[in-house]
Amino acid sequence: MFFHVNGIRLAYDDHGTGVPLVFLHAFPLNRSMWAPQVAALSQQFRTIAIDLRGHGESDAPLWSFSLDQYADDVSALLDHLAIPQAVLVGLSMGGYVSLAFSKKYGHRLRALILADTRAQADSAEGRTGRYHLAQTAYTKGATAVAETMLSKLLGTTSLQHKSELVAYVRETIHQAPVSGILVDLMAMADRPDSLAHLRTITCPTLVVIGQEDFTTPLADAELMAREIPGARLAVIPAAGHVSNREQPEVFNDLLRGFVEGLPNTPGA
Ligand code: MLT
């Protein structure tokens, strides 16, 4: 399905009924990365997965956007679907967008799941890395980006034993529009530090991390779980950065248990 916001067309899927869970994908993937969650959890909850601008079937204008704009898009999607409050599930860049959303639209958060992400801004070195990757995308295309990103996205266990998942991630990046990759990289490089914000988050929060995630490592997840009042931390063994795809059943059980435990969850 599609909706329009600020002259841009964005794609999303909406399945099931009950507590709305809105899934925000990683860079440079798209909403298809949530397929195992949608399949399992839409039996019990309403699952909504969006292609952030620049990804999947959404428009990918070459323009300058901050991650706040992505958060505005998510809020516009909730308006479009007449959903006052939702549980946001953001993985990596999706987590950065979730934090931006929580600053601006905290009243719309029923709960927050921050998976394989971090609250700190990029280091100077991290920013330089983004500009180099942007240059690679511009000169060599998305296929070259895929080769750089694969070992950052998947853990050792998946790289060695899950060839279908490796193929899925590689193919998804191959299809990513270069304009979307460039815009994401600039927006992520510019994102502010959110550490001080963590203490102001008031909704129930679950922090999830793959044990083999070296892109946003365990220490970053522990820091978020420590700083967000009442947050829980869950570590998924044999998973890297895309933990929802690397150990989908474990990830789904964590989400299910967390959402069922929310106060006044119908059907839980
Ligand atoms: C992602 O998975 O969204 C990216 O690895 C995040 C990042 O590059 O910081």
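The values are calculated or read from the model by the stated rules, or taken from the named source; none is laboratory data. What you see is a predicted model; the values in this text were computed from it and never measured. Reconstructed Cβ throughout: ideal geometry from the backbone, glycine too, with neighbour counts over all protein chains shown. What goes into the accessible areas is simple: the full protein's heavy atoms, side chains included, and nothing from ligands, DNA or RNA. Shrake-Rupley method; radii C 1.70, N 1.55, O 1.52, S 1.80 Å.
Numerical summary
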{"read-out": "Among residues of the range 137-156, those that are open to solvent by 40 Å² or more (accessible area, probe 1.4 Å) and more than 13 Å from the ligand (Cβ to nearest atom), counted", "value": "6"}
{"read-out": "The range 220-268, residues that are modelled with pLDDT under 95 and either surrounded by 14 or more Cβ atoms within 10 Å (Cβ to Cβ) or on the phi > 0 side of the Ramachandran plot (or both)", "value": "ASN264, THR265, GLY267, ALA268"}
{"read-out": "Search result, residues across the range 166-207 that are open to solvent by 20 Å² or more (accessible area, probe 1.4 Å), closer than 30 Å to PRO263 by Cβ and not small (Gly, Ala, Ser)", "value": "LEU195, HIS197, ARG199, THR200, THR202, PRO204"}
{"read-out": "Scan of the range 21-42 for residues that are more than 16 Å from the ligand (Cβ to nearest atom), within 19 Å of LEU81 (Cα to Cα) and free of Cβ contacts under 8 Å to residues at least 40 places away in the same chain, ordered by number", "value": "VAL38, SER42"}
{"read-out": "The range 110-127 - residue that is within 13 Å of the ligand (Cβ to nearest atom) and assigned to a helix (DSSP H, G or I) and, of those, surrounded by the most Cβ atoms within 10 Å (Cβ to Cβ)", "value": "ARG127"}
{"read-out": "Odd one out for GLY18 among (1) away from the ligand (no atom under 16 Å from the Cβ); (2) within 18 Å of LEU109 (Cα to Cα); (3) within 17 Å of the chain's Cα centre (by Cα)", "value": "(3)"}
